[in-house]
Amino acid sequence: MATEPAPLMTVTDVSVGGMTCAACVRRVEKKLARLEGVSATVNLATGQARVSHPPRISPEDLVAAVEQAGYTAALPEPPAASPPADEEAAEDARPDRTRLLVTALLATPVLLLSMVPAWQFRNWQWLCFVLATPVAVWSAWPFHTRALRGLRHSTATMDTLVSLGVIASFAWSTYALFLGGAGTPGMTMPFSLLPSASDGVAHVYLEAAVGVPLFVLAGRFLEARARHGTGAALRSLARLAAKEVAVRDDDGTERLVPIEELTVGRTFAVRPGERVATDGQVVEGNSAVDLSLVTGESEPIEVGPGSAVVGGAVNEGGLLLVRATAVGADTQLARITQLVTEAQAGKARAQRLADSVAGVFVPVVLALAVTVLGFWLGAGADPQAAITACVAVLVVACPCALGLATPTALMAATGRGAQLGVLVRGPQALEGLHHIDTVVLDKTGTLTTGHMSVARVTAVPGGPGKDAVLRLAGAVEQGSEHPLGRAITAHARRVLAEQGPLPEVRDFHAEPGRGVRGRVEGRLVEVLAPDEELPAALADALPVAEAAARTPVLVRVDGEAQALIEVGDVVRPGSYRAVERLRRLGVHPVLATGDREAPARAVADALGIEEVHARRTPEDKARLVEELRERGRRVAVVGDGVNDAAALAGADLGIAMGTGTDVAIGAADVTLVRGDIEALVDAVRLARRSLGTIRANLWWAFGYNAVTVPLAMVGLLNPMVAAVAMSVSSLLVVGNSLRLRAWQPRPARARRRPAVPGGLR
């Protein structure tokens, strides 16, 4: 009996407002998960929920579910309609800044008078009460409203703890002033970091009533600014996108149009200093373009007619006319931005544990606070000391640091990776990079450039000479489309540039599998596969070329063998350093290629790779990965072609070269945008640093609560000090994550590279 196929799932992003701690995250995720077939990942740092749901559940249903949980929700606006990220963040921060400034002005006199007994003049306590009332009510109003909203939905969050702490300390101070004798003119009150006995007169704790809102608001404001900093890389990518483009019509006229109106196939102009509006191909002009903000590559790239350019690159030279090949979401810049956004929306395994703990943490803290109050009162302690301990427990036990431990580090790490030309799809990929111990490397296009080039030219003594023969061979190969022919022509043009353009070829003829011939300046020139009859100098060079895994071609001029040209693929600059540094990081390199044994061995020997698998089909590569994994290896595969896609998908971690095919990039977990194999080493080291930062954050978050809650329970923590400690814990976690923004790859010192054949340097 046939089974119905599983319904396709839709992924929708929902902006969630009002979340303040990991308990809020857990609450929203559980509420969304109650919808049939729905799963959600909520990120506290970005305020975004990534929801996977069946098509029958609409995005509006998701928004309604979040609102039922007691939070605000909205679907993200289209990019064109959204204000710039910096302006939007500034607009959102303005009310918080105003509330913080007013609270500071009102709270500072209260704190100073309460903490410095010498400044306590007659009736000072009543001035403090007047100043503290708007702080306890208006300044703390966001905490009160969110606490009430949570109460209506039978849930408790960090706002519940803060709200109860403020209400309890202010209510006790009000009682002390009106009924407890603290309102007597001339009353003074000593200040201590530890709670003290009342000596018959109830103490006022107005400093706690104003200090808790002040320090929590200040902590959240600074925390928001710091979290805004972790997304700097993503905003810098967004700023690369052009708003207008100078389109050139068929009659040669130019006009500025919005970027949304640009279509594939249209030609647009890029002047010096301007950004390329979208991905395209140069049709006219020569220049150098700076791709540093897109790929992390610091060296400008020379481009000319036929060259591909990437949207967001800066034109540093002359005028370029570019034909658009991709627009909108199909551009490389848009894909990079989407990958970084998706990566920052995910969660590491450790953060899922932290969120689970935070989901039950607040109810446990409330129970502890009530227990502490009851225990102290039941033991006959002073009611003031009992209430103080209860308030301290409520205030100090904030799970903010737990909620921020992973997302802030992940945002900083993925943003920094994007700046370095390393795109990581999510926290699972970071964890995978951290744990890999074996990397399977493709040869062509990964360790080598994938472009044929001339490695050596050997001329017959007494003949026309190396340059003359190369000029003739390059001229006749102008009519060839074979990679060998294009390599010879390109080499001749480069080496003999001072002699002017290559001469024309006449009577051109190509023999498939044999070579080409034609007349150049009246001479018959043949570029063929070498035969057995060779002059001694060329016969000696032939085995050397084959041993170095190069392809030899013979050049005949008017029937006489004159030179042997060796053509081969060239190892990428930095491949040797990359392999050496991977080995130093404890990662075992394996070469797997579909090429012949001789070229594979030559590249492996040049790079110091001992394990080589040649003539491997795509299925063979996938089986090799499976075999390595069965041996207990954690395998990463690096490739750039369609033939690598199966192995990339089957590995513990797939890594695609940014210069490779869309199929390979789509199957990979990590993309090396700048097409440099050394970026793999940077990715591994960045992943290890990032996971180390996340672990340190979580240890601090758990350790902070493990130490401060017991201190508050036994009465050794003043509520105001508790508020400071709670705010500082979140700031320390965010600050530790921000260090990743300044992380710099420091290459390990590699051993001196041994001499290798010339074509493989």
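Once you have the Cα-Cα distance between Arg152 and Asp558, take 0.36 nm times their residue separation minus that, and quote the gain in nm to one decimal.
Extra length from Arg152 to Asp558 when fully extended: 136.5 nm.
Order by neighbour count: Met713, Met411, fewest other Cβ atoms within 10 Å first, most last.
Met713, Met411
What distance in nm separates the two pseudo spin-label positions at Asp467 and Ala536, each 7 Å out from Cα along the beta-carbon direction?
Result for the modelled spin labels: 2.8 nm.
Using a ≥ b ≥ c from the Cα gyration tensor of the range 451-570 (square roots of the eigenvalues), is it rounded, prolate or oblate, where a/c under 1.5 gives rounded and otherwise the larger of a/b and b/c decides, a/b for prolate?
Note, shape of the range 451-570 comes out rounded.
At R0 = 30 Å, how high is the FRET efficiency between Asp249 and Ala288 if r is their beta carbon distance? Nearest 0.05 is fine.
That pair, Asp249 with Ala288, gives E of 0.65.
With labels modelled as points extended 7 Å from the Cα through the Cβ direction, what inter-label distance (nm, one decimal) is found for Arg323 paired with Ala598?
Here the answer is 4.0 nm between the modelled labels.
I'd like the FRET efficiency for Asp61 and Ala379, computed as 1/(1 + (r/R0)^6) with the beta carbon distance as r and R0 of 41 Å, rounded to 0.05.
0.20
Bins of 10 Å, beginning at zero and ending with the bin holding the largest distance: percent of Cα pairs per bin for the range 263-326, please.
Pair shares across the bins are 27, 60, 13.
Relative contact order (percent) for the range 263-326, with alpha-carbon contacts under 8 angstrom and 6 or more residues of separation?
With pairs under 8 Å counted, the relative contact order is 52 percent.
Fewest first, what order do Arg27, Arg471 take by the number of other Cβ atoms within 10 Å?
Arg471, Arg27
Check the straight Cα-Cα distances from Lys443 and name the lysines below 26 Å, setting aside those fewer than 8 residues away within the same chain.
List returned: Lys621.
Assuming R0 = 35 Å, what is the FRET efficiency of Leu585 and Thr72, from their Cβ-Cβ distance, to the nearest 0.05?
The value I calculate is 0.15.
Which value, to two decimals, describes the C-alpha radius of gyration of the range 10-76 once divided by 2.2 N^0.38 Å?
Taking N as the residue count of the range 10-76, the ratio is 0.95.
On a full-extension model of 0.36 nm per residue, what is the gain between Glu630 and Ala104, subtracting their alpha-carbon distance, rounded to one decimal in nm?
Gain in length upon complete extension: 183.2 nm.
So between Glu260 and Leu524, what do we pick up on full extension, going 0.36 nm a residue minus the alpha carbon distance?
Gain in length upon complete extension: 89.5 nm.
With contacts defined as alpha carbon pairs under 8 Å and 6 or more residues apart, what's the relative contact order of the range 10-76 in percent?
Taking the mean separation of contacting Cα pairs over the length of the range 10-76, I get 45 percent.
Mind sorting Val166, Val135, Val709 by how few other Cβ atoms lie within 10 Å of their own Cβ, fewest first?
Val709, Val135, Val166
From Cα pairs below 8 angstrom and at least 6 apart in sequence, can you work out the relative contact order of the range 502-651, rounded to a whole percent?
13
Read the figures in this text as sums done on the coordinates, not as results from a lab. Everything numeric here is computed off the predicted structure, so don't read it as measured data. A quick note on method: Cβ atoms are made from the backbone with ideal geometry, for glycine too, and the neighbour counts reach across all protein chains shown.
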